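Asks: First the structure, then my questions, so here it is.
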Amino acid sequence: PLMFDDDLPHYANTRSRSVAAGVGTIARVVASGQEIYSSKLKFTDAIERINRYYRPYHRTLRRLLADTRKTFGGYFLIDCHSMPSTGCTSDPDAGRKREDIILGDNFGESCAGHLVELVSKCFTDMGYTVTSNKPFAGGFTTRHYGYPHNRLHTLQIEINRGLYMNEQSIQR
């Protein structure tokens, strides 16, 4: 609600943890907590973005997953993200250096344990440090597409930005 110039409709999600942190469907802040926009947005602009990008993306993803499930009887969706190398002030691990890789399976709810262990082993065999679910257990994608009891597995992989870039200069 802080990022909009006008009143939000009753159906707008204004209470989730993601929204409170400023990283809802349309992010208000970057990882460091710095505001993205110099002025408030119009809600109609947000709806246009959602209709132009967000909805088509998820419609296409659902179709691809349905096709994969039909062909193979299930799927393994890997949702990759990058994260700051150190927890930001608004994070539960504020100021702490992060592992190289964080695997998020919503504490076992979105991906079978043996698949998480396999992915973890692949990364550790390559020399990376790996942990699971803290501080990132997964988000919208893992919660909405991961149903391991139906052979529908979704795993979020957070990759430490310090592995591939200088975070201050934003250079390789």
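The values are calculated or read from the model by the stated rules, or taken from the named source; none is laboratory data. Because the structure is predicted, anything quoted here is derived from the model rather than measured. Ideal geometry is used to build each Cβ from the backbone, glycine not excepted, and the neighbour counts take in all protein chains shown. Quick note on the areas: whole protein, heavy atoms, side chains included, nothing else; ligands and nucleic acids left out. Shrake-Rupley method; radii C 1.70, N 1.55, O 1.52, S 1.80 Å.
Asks: When only residues in region 76-87 that are open to solvent by 30 Å² or more (accessible area, probe 1.4 Å) and modelled with pLDDT of 95 or more count, which is nearest to the chain's Cα centre (by Cα)?
Replies: Cys80
Asks: Okay, moving on. Please pick out the residue among Asp5, Asp67 that is without any contact (Cβ under 8 Å) to a residue 60 or more places away in the chain, among the acidic types (Asp, Glu), closer than 21 Å to Ser110 by Cβ and open to solvent by 70 Å² or more (accessible area, probe 1.4 Å).
Replies: On the way: Asp5 fails: closer than 21 Å to Ser110 by Cβ.
After ruling out the rest, the residue left standing is Asp67.
Asks: Here's something else I'd like to know. Tally up the residues in region 122-172 that are assigned to a loop (DSSP other than H, G, I, E, B), open to solvent by 60 Å² or more (accessible area, probe 1.4 Å) and closer than 24 Å to Thr25 by Cα, please.
Replies: 1
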